[in-house]
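Below: the structure, in structure tokens.
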Amino acid sequence: MKALRDIPNDLLESLKSLGLTKYEALVYIGLIRMTGATATEVHETSGVPRASVYPVLDRLVQKELVSVSHTTPKRFDAIPPDQGIENLMRRIESDAESARTALDALYREKRPEARGNQELIWTIYGEENIRARLSGMFLSAERSVEMLVAQSLLREHVLALLEPVPDSVQVSIVTDTWKGEQPSRFRIRAHPLGAHHETHAPPGKGLRYESSGVFLVDDARALVWMGSSGEQPSALYSESAGLVQFVRRYLNSVTEWVGAAGQ
């Protein structure tokens, strides 16, 4: 049998991204093209060194990509690609969940007092990263979630993240405008606060709207989302008393101003 030739590099890289080594990928591709191959035939077809073929085949059997006969000599078959890739994905998801659980346990072991008097404020870049942090804040809420948030940001991103919040948690929202029926479980107050979020754009482009928000959970965790149209959003996040108190005072002042304006 001829050794494999002209295997697309992107195919090898795709299989490697699924957890296969180069030799494992070559052996699996070789077996896809054969039926009931011996280890010698696998070596000749895949180009994998003879001494490495059996260890590679054993690992592929464990990964549920290859089946083996009970004959002498042993013969090997590739699991069909649809099932083989599904088996790989199932292993990846299982490994990822195990890693997430272990890392989360380590993360929760951190003691705030170990940081001494240093007040940590984290900068977060990118919409997905900010959403993930905000989602974690909402899920951790035990008493209250409060926010001053632009209507566009509220509708496009924030409302969906609030869905898992228990009904026992009070959710208070101040936004610049609201049209349509309000969700009954949230307290939403609309007031033209948009003027606080407008900045001058380059000449000829008029005003642009800042997609921003200030969020406070349980008077313990604060996040300030800052973003402009066409720019990558960023956020400041902290559990430190300094930023939490600043956000608390800011929300109080806005709430009082909205209340007075509504009288």
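The values are calculated or read from the model by the stated rules, or taken from the named source; none is laboratory data. All values derive from a computational prediction rather than experimental measurement. Don't worry about glycine lacking a Cβ; one is built from the backbone with ideal geometry, like all the others, and counts go over all protein chains shown. Side chains included, ligands, DNA and RNA excluded: accessible areas come from the protein's heavy atoms. Shrake-Rupley method; radii C 1.70, N 1.55, O 1.52, S 1.80 Å.
Annotations
- Overall, the ratio between the Cα radius of gyration of the stretch 80-189 and 2.2 N^0.38 Å, rounded to two decimals, is 1.46.
- Carbon/sulfur fraction of accessible area - the stretch 36-175, other protein chains in place, 1.4 Å, %: 51
- Packing here is the average count of other Cβ atoms within 10 Å per residue, and on that basis the peptides 88-95, 238-245, highest first, run 238-245, 88-95.
- Applying 0.36 nm per residue to the separation of Ala220 and Ser98 and subtracting their alpha-carbon distance, the gain on full extension is 41.0 nm.
- Here the calculated FRET efficiency for Thr123 and Phe246, from their Cβ-Cβ distance with R0 = 25 Å, stands at 0.95, rounded to the nearest 0.05.
- The stretch 10-155 pair-distance distribution - Cα-Cα, 10 Å bins, rounded %: 9, 26, 19, 14, 15, 11, 4, 0
- Each peptide in 160-172, 54-66 gets a packing score, the mean of other Cβ atoms within 10 Å over its residues, and the list from highest to lowest is 54-66, 160-172.
- Residue-count net charge about Pro166 - beta-carbon cut-off 13 Å; Lys, Arg +1, Asp, Glu -1: -2
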